[in-house]
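This report refers to the structure that appears directly beneath it.
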Amino acid sequence: MRGRRVPRPGSAEVPGAAREADMLRAGAASPARGGQAAEDTGTPAGGGEERRGRQPPAAALRLPDSKPPQGGSEDTRTPDRDLQRGRLSRSPRSAPPAPGMGDRGALHERAALQSPGGPEGAAAAVVNGLLHNGFHPPPACSRDPPPARFQLSSELQPQPLFSQHDSPAKKCRLRRRMDSGRKNRPPFPWFGMDIGGTLVKLVYFEPKDITAEEEQEEVENLKSIRKYLTSNTAYGKTGIRDVHLELKNLTMCGRKGNLHFIRFPTCAMHMFIQMGSEKNFSSLHTTLCATGGGAFKFEEDFRMIADLQLHKLDELDCLIQGLLYVDSVGFNGKPECYYFENPTNPELCQKKPYCLDNPYPMLLVNMGSGVSILAVYSKDNYKRVTGTSFGNMMSKEKRESISKEDLARATLVTITNNIGSIARMCALNENIDRVVFVGNFLRINMVSMKLLAYAMDFWSKGQLKALFLEHEGYFGAVGALLELFKMTDAQ
């Protein structure tokens, strides 16, 4: 067949496309290395000068000694097909392709050192991806011996993560980023926030398994935040750390430590945001997980003042997930849930632990600035049945005729009885006999808790129990912290 050549033993077949590129560069044909002549095709173009025409795609390389595949057809191989099938591999001494040659140049150059029919010493002839004669060597096929392990040059060898000239702050950032990527952990510090209408609830995880190396390389503002939060029980005039609620020796996201519970009035939120800006919190975090109505109200302030983004979370989702988590880990070896035995008898009424291992279904009454009543059938299946908000206080004239203590108690009893009656009706309507009360309304409020226990027991004729939890107002913040870990896993 015209234009077809059969390669001789010891010679290399040169693809047409590669010859075309080299001929254009050289301006004339060159003899192939090892005595093989380069075949020129084209049409004459004036004055006897031969100008090369457009070449068709490179012909498939036929391997005479190859066995035909099953089915009887002959196996034809092209460089592109060999590359797709994994038949081409990097040689131990391959160099980068010459400028302008692209992937095709690198392909042929890698194949040169593996061609069994190539001339002896071909490896030494590779210069900038080309043989000395200006041609690319032919591709290798799968029957070649496996190449030696590819060795990187010294400047391309993997470099150590840290340089001896790096500052401790930079080393700490790199280590934290590496550790976070390996363990799918967010960088410290770990916070969760529930910004309510009256109180801001904040949970902070204090790592207790910090190594000496981590502590040495820890940046100063991270140390400052941890020391400030854990060495104080009060922050300014209104911030309080509830030390008695601290959960110790927890393992969260692979780290061991203590979980702290902090609260302050929502009216002091701007002071908190300003403190975050002064302590350069944005250098450690750019996003905070927060829930509650205040997450929307203060979103712009966080962004403008402290350069922080709020990752806003569903309030009821965080409430349920946080409650279930804290109940599962317990309260430092004690049960999280409890009830009041003999609530109708003030002399015999006493607090008793309650096992909430199988809580479904339950009616969850969240008593904060507002009241939300949820029917919970599983951790992912719940609905908001109803809710209430704070009524107006009585007129100033009437308040002046009685003591403030009497007025406060009367108001408290009215609100509590109203909540209890609504909760009982919801439990009957949903056919649920387990009612759990949570929320900061109950914080240091034994009067309301006993009133709720009394109302539920009396009106249900002993069929309903009012259940309470030790960390009553912090479950939304705990749920926000758990979402921080989920968000990191998703990324």
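Can you give the accessible area of Thr286 in Å² (nearest 10), computed on protein heavy atoms with a 1.4 Å probe?
Near enough 90 Å² of accessible area.
Counting only protein heavy atoms, what percent of the accessible surface of the range 192-302 is carbon or sulfur at a 1.4 Å probe?
Accessible surface attributable to carbon and sulfur in the range 192-302 totals 52 percent.
What is the sum of charges, Lys and Arg at +1 and Asp and Glu at -1, for the other residues whose Cβ falls under 10 Å from the Cβ of Thr291? Intermediate results must be reported in sequence, preceding the final value.
On the way: positive: Lys201, Lys312; negative: Asp194, Asp314, Glu315, Asp317, Glu483.
For residues surrounding Thr291, the net value is -3.
How far is it, in nm, from the label point at Ser421 to the one at Ser283 when both lie 7 Å from their Cα along the line to the Cβ?
Going from the Ser421 label point to the Ser283 one covers 5.9 nm.
Need one number: nm distance between label points at Asn431 and Asn184, each 7 Å from Cα along Cα→Cβ, rounded to one decimal.
3.8
Among the listed pairs Lys312/Lys334; Lys201/Lys461; Lys201/Lys248; Lys352/Lys486; Lys237/Lys486, which are separated by more than 26 Å between their Cα atoms?
Check vs 26 Å cut-off fails for Lys312/Lys334; Lys201/Lys461; Lys352/Lys486; Lys237/Lys486.
With every protein chain left in place and a probe of 1.4 Å, what is the accessible surface of Met252, to the nearest 10 Å²?
10
Taking the highest mean first, how do the peptides 473-485, 404-416, 316-328, 428-440 order by number of other beta carbon atoms within 10 angstrom per residue?
So the order, starting with the most tightly packed, is 473-485, 316-328, 428-440, 404-416.
Solvent-accessible area of Asp209, probe 1.4 Å, all protein chains present, reported in Å² to the nearest ten, please.
Roll a 1.4 Å probe over it and Asp209 shows about 50 Å².
Using a 10 Å cut-off on Cβ atoms, rank the peptides 366-373, 190-197 from the highest mean neighbour count down.
190-197, 366-373
The values are calculated or read from the model by the stated rules, or taken from the named source; none is laboratory data. Keep in mind that this is a model prediction, so the values were computed, not measured. All Cβ positions, glycine included, derive from the backbone under ideal geometry; neighbour counts span all protein chains shown. Heavy atoms of the whole protein, side chains included, go into the accessibility calculation; ligands, DNA and RNA do not. Shrake-Rupley method; radii C 1.70, N 1.55, O 1.52, S 1.80 Å.
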